[in-house]
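Just so it is clear, none of the values below were taken in a lab; they were calculated from the coordinates. Just so it is clear, the structure is predicted and the values come from calculations on it, not from any experiment. Note that we place each Cβ from the backbone using ideal geometry, even for glycine, and neighbour counts take in every protein chain shown.
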Amino acid sequence: MSSPAAIDNKRMPGRATPQGTLRYAARFQGRAAPGHFREAPGGLVLSSIGIGTYLGEPDEATDKAYADAVVAAIEGGINVVDSAINYRLQRSERSIGAALKQLAAKGFSREEIVLCTKAGFLTPDGEMPDDANEYFSREFLEPGIFRPEEIAAGCHCMAPRYLADQLDRSRRNFGVECVDVFYLHNPETQLSEIPAEEFRRRIYEAFQFLESAVAAGKIGAYGLATWNCFRDDPKSQGYLSLAAMEEIAREAGGAEHHFRFVQLPLNLAMPEALLRPNQVVAGKTMAMVQAARAVGITLVSSAALLQGQLARNLPPYIGAALGLKSYSAQALQFARSVPGVTTALVGMSRVEHVRANLEVIGVEPAPRDQFLKLFERSG
Ligand SMILES: NC(=O)c1ccc[n+]([C@@H]2O[C@H](COP(=O)([O-])OP(=O)(O)OC[C@H]3O[C@@H](n4cnc5c(N)ncnc54)[C@H](OP(=O)(O)O)[C@@H]3O)[C@@H](O)[C@H]2O)c1
């Protein structure tokens with residue numbers, strides 16, 4: 001049997017770099033329209049569309065489908081790959097790991113690909129155990145990886161020892177030494193369960209751990225992957241202030257902290273991050289897209305197609321404004337054109353969907369005035 005160190009040695013070294021991602025973009029000169037590749041603060045060059053790996057069954061057919069889809073995406077001009085340890089019970093991360101091996105054999109280097117994942121939700125290993133409580137108790141409680149009082153809503157944990165465990169599992173699943181962006185997954189899950197001060201303390205300790213993971217070369221940067229908290233009304237219980245989160249990162253990591261990414265849903269049906277002025281930065285009230293820019297955070301949007309629903313029956317004025325034929329292309333063009341969004345994630349387990357969605361990379365993102373007209377017309 002191999003020792004853990006020997007297994008470690010087999011991991012793909014390296015990480016996404018400014019030079020590697022720039023070289024990736026250069027492969028698509030002439031095929032990708034200006035504006036498809038965007039430079040994030042820190043110098044990484046990201047594609048305007050990223051491949052997500054959330055939906056689908058935890059079975060072998062979907063494992064293979066995702067591996068093929070990730071290969072097709074990277075071959076086609078998409079260099080942002082998004083996962084989470086709980087997606088399909090760790091199987092999506094393993095599909096990406098299989099794709100990375102195939103891509104290496106095809107001449108794509110680790111330095112070209114921006115690999116992102118998330119931790120927070122309790123996750124079985126590959127399949128649902130007969131008795132989930134017994135599994136989590138044996139795997140995490142008994143070895144002291146988390147304590148019962150660190151679990152919120154029966155499913156969520158941000159304790160440093162747990163994050164360390166999850167990060168090592170994700171690195172193993174991907175077969176890499178370093179994950180480029182490591183997100184706390186839906187931290188707002190804990191907001192209704194614990195007092196605000198305790199929530200702040202948990203985020204601080206999580207960020208401290210994440211800074212140490214950067215220093216150890218296990219992650220390149222970290223972020224918050226969210227659903228409601230940055231889109232909500234400031235008065236709601238589930239709301240978070242981006243400036244307050246950035247302040248915690250400064251406390252944990254100093255002025256050069258590595259809290260660099262936020263993920264939230266932004267699509268034709270969920271435009272709050274663009275339209276709702278719910279954030280205050282340096283005394284000014286603004287929407288999330290502006291707040292993220294003001295604090296130097298790269299914004300990644302999720303659910304570009306509202307989990308497939310925007311791939312059918314959009315009103316005709318959207319096509320008239322954005323000028324692409326299929327509904328899915330129109331919805332993607334909207335998501336990737338939002339000023340302030342660097343990458344719009346779209347879930348794709350089928351190669352045919354990757355190929356269809358690659359159509360938009362040959363088109364420039366909608367210019368600001370065209371984009372804003374869309375909202376005047378929608379009233
Ligand atoms: N809180 C969070 O952190 C959070 C929440 C949600 C999502 N995300 C991330 O964002 C990614 C995208 O969101 P999502 O996957 O939930 O939803 P989505 O991107 O809005 O939609 C994905 C669905 O659309 C289908 N699809 C893709 N291209 C299509 C096309 N051209 N025509 C018709 N259908 C098409 C996919 O089918 P196939 O699979 O069959 O190709 C899949 O069923 C996720 O995968 C995940 O990485 C993060």
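If you place +1 on the Cβ of every Lys and Arg and -1 on the Cβ of every Asp and Glu, how big does the dipole about the Cα centre of region 4-378 come out, in debye to the nearest 20?
1360
For region 68-161, place one equal point scatterer on every Cα, skip the solvent, and apply the Debye formula. What is log10 of I(q)/I(0) at q = 0.11, 0.12, 0.23, 0.25 Å⁻¹?
Here log10 of I(q) over I(0) equals -0.43, -0.50, -1.09, -1.24.
Starting from the Cα-Cα distance between Ala61 and Leu141, subtract it from 0.36 nm times their residue separation and give me the gain in nm to one decimal.
25.5 nm
Net charge within 14 Å of Gly308 by Cβ-Cβ distance, Lys/Arg positive one each and Asp/Glu negative one each, not counting Gly308 itself?
Around Gly308, the charge tally is +1.
Using the Cβ atoms and a cut-off under 15 Å, what net charge is assigned to the surroundings of Ala282, where Lys and Arg are +1 and Asp and Glu are -1?
+1
Mind checking which aspartates and glutamates have their Cα closer than 17 Å to the Cα of Lys325? Skip sequence neighbours fewer than 8 apart in that chain.
Correct list for Lys325: Glu352, Glu359, Glu364.
Just want to confirm a number: the relative contact order over the chain, from Cα pairs under 8 angstrom separated by 6+ residues, in percent.
Result for the chain is 18 percent.
Mind ordering 78-85, 90-97, 194-201 by average Cβ neighbours within 10 Å, highest first?
Ranking, from highest mean packing down: 78-85, 90-97, 194-201.
Based only on other Cβ atoms within 10 Å, what is the fewest-to-most ordering of Phe375, Phe261?
Phe375, Phe261
May I ask you to sort Ser301, Ser236, Ser212 by Cβ crowding, counting other Cβ atoms within 10 Å and putting the fewest first?
Sorted ascending by nearby Cβ count, the order is Ser236, Ser212, Ser301.
Relative contact order of region 140-270, please, whole-number percent, based on alpha carbon pairs below 8 angstrom and at least 6 residues apart.
Reported relative contact order: 25 percent.
What is the P(r) of region 4-378, as percent of Cα-Cα pairs per 20 Å bin from 0?
Cα pair-distance distribution for region 4-378, in percent: 30, 60, 10, 0.
Quote the charge dipole size of region 64-122 about the Cα centre in Debye, to the nearest 20; the model charges only the Cβ of Lys and Arg (+1) and of Asp and Glu (-1).
The calculation lands at about 280 debye.
Give the aspartates and glutamates whose C-alpha is closer than 20 Å to that of Lys10, dropping any in the same chain fewer than 8 places away, or say none.
Within the straight-line limit of under 20 Å, Lys10 reaches these aspartates and glutamates: Glu93, Glu111, Glu112, Asp165, Asp168, Glu177, Asp180.
Counting each DSSP H run of 4 or more residues in the chain as -39500 (n - 2.57), what helix-only mean residue ellipticity at 222 nm follows after dividing by all residues, to the nearest 500 deg cm²/dmol?
Here the helix-only value at 222 nm equals -11500 deg cm²/dmol.
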